[in-house]
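What follows draws every value from the coordinates through simple rules; no lab data is involved. The structure displayed is predicted, hence computed values, not measured ones. Using ideal geometry, Cβ is built from the backbone for each residue, glycine included, and neighbour counts are taken over all protein chains shown.
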Amino acid sequence: MVNFVQSLNIAVGSIRSAKIRSILTTLGIVIGVAAVIANVSLGASFQQYFDEEIGSIGSNFIVIDNLEPGLFYENELELVENIPGIVGISPIKQSTYEVTYQSTARHLGIMGVSEDYEQVANLKLEEGSFLNDKDKYVAIIGSDVAYEKFDRKVFIQNPIDITFRKDDGSEITQRFKVKGILKSPETTMVQSGIEPDERIFIPISTWNEIMGESDCGGFFAMASSMDTIEETSDDLDQKLGRHFGVPSRDMDNDDAKPYLIFNQAEILEETDQLAAALGGLLTSVALIALVVGSIGIMNIMLVSVTERTREIGILKSLGFTKSNILFLFIVESIVLSVLGGLFGTGLGVVGAYGAQTIMNLPNTFPVEMIVIGFAVSVIVGLIAGVYPANKAAKMNPVEALRSE
């Protein structure tokens, strides 16, 4: 009975004697395994990227948007503040107005918020401090506004002029003093239409005074935790619905409500589904490449059996049994697939790292999927080698010896 070590030595010898054939045999597995690992890693990277980006928008956030102008006022603000599980809330108004600094004018996004917005939106300051509810003509500017939008850098305490345009077409220009500069976030996703790098934040009370308004716009709220955010959001929806007279039967119909509510958990669920679908698609394509590689192994092994007919006859004449021959060829097939799996794993990790770096994605490599990818390559080699090995094992030794 031939043992595994002997079979391995014979298999390695056969591979060395036909290097080009062996390289071509493993190439399909290398490409297939590399594609599987790279694509699975990219799928996991996209999912982590989405999670980090959504998390950067705010902490356990709930967005309450008005679908009708002038919908939310102080009464609605108090109602939301008193919902159990709400630990922070800021009214929000936003529009684009002309901003002038040292004779240079730019059209920039202006947001009216309250002091809670810093915590709720997860903002970090590079210089100065965030506005408070006692401030009036002060502004917090994004890093792009401070360093890139104007010809000269904007510093703390510098004045900027904002020209507000009313609905009737009249304009009001007001001077604001820069109180703080926001730190540029590491994330790049557009944050609910809000890119803090390119925004200017002012007190919403000042906004209303200048524009002659009194409503709160929309709300950006913060739940106590991600574990309770769905429950808090549902409670908020029910109470706002009753407040605005929405019939109970229509509470599940968003079109029947004058407002829209969505939260961080809902967005994460959608992005996770998107990332899973993307990862599944990429992995499916890669698995096709792996199947093609397995067919390549089978084809080359069949050619090898034909080329080594006389060798098989000699082995049988020396006492090798049918099971010995079967084992020899299966071991050779597995060795080829293991080599292909090793090179494919290395290539897949390097390829995924390169793609993640170029696309500015987190470097994520699911170890369990790498192990699975390698194991699949071995299984593929085993399956692909069974038929050629069985064909070799069934050869008549006399006819095999007569083969030229």
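Within the stretch 201-275, which chymotrypsin sites (Phe, Trp or Tyr not before Pro) sit in a loop by DSSP and count at most 15 neighbouring Cβ atoms inside 10 Å? For chymotrypsin sites (Phe, Trp or Tyr not before Pro) across the stretch 201-275 that sit outside H, G, I, E and B with at most 15 neighbouring Cβ atoms in 10 Å, the list reads F244. Approximating the spin labels as points 7 Å out from Cα along Cα→Cβ, the D51-to-E127 distance works out to 3.7 nm. Label-to-label distance for L24 and Q273 is 4.8 nm, based on points extended 7 Å past Cα in the beta-carbon direction.
Once the Cβ-Cβ distance of Y73 and T228 is raised to the sixth power relative to R0 = 30 Å, the FRET efficiency obtained is 0.65. Summarising the label geometry, the points placed 7 Å from Cα in the beta-carbon direction at V5 and A105 lie 8.8 nm from one another. Cβ under 10 Å from E115's Cβ, E115 left aside: what net charge do those residues give with Lys, Arg +1 and Asp, Glu -1? Here the count lands on -3. Measuring between their Cα centroids, the stretch 72-149 and the stretch 315-352 lie 64 Å from each other.
Taking each residue as 0.36 nm, the span from T357 to V12 lengthens on full extension beyond its C-alpha to C-alpha distance by 120.4 nm. Cross-link partners for K149 among the lysines, with Cα-Cα distance under 23 Å and sequence neighbours closer than 8 places in the same chain left out: K93, K124, K177, K179, K183.
Shape class for the stretch 92-212: rounded, because the ratio a/c of the largest to smallest gyration tensor axis (alpha-carbon atoms, square roots of eigenvalues) is under 1.5.
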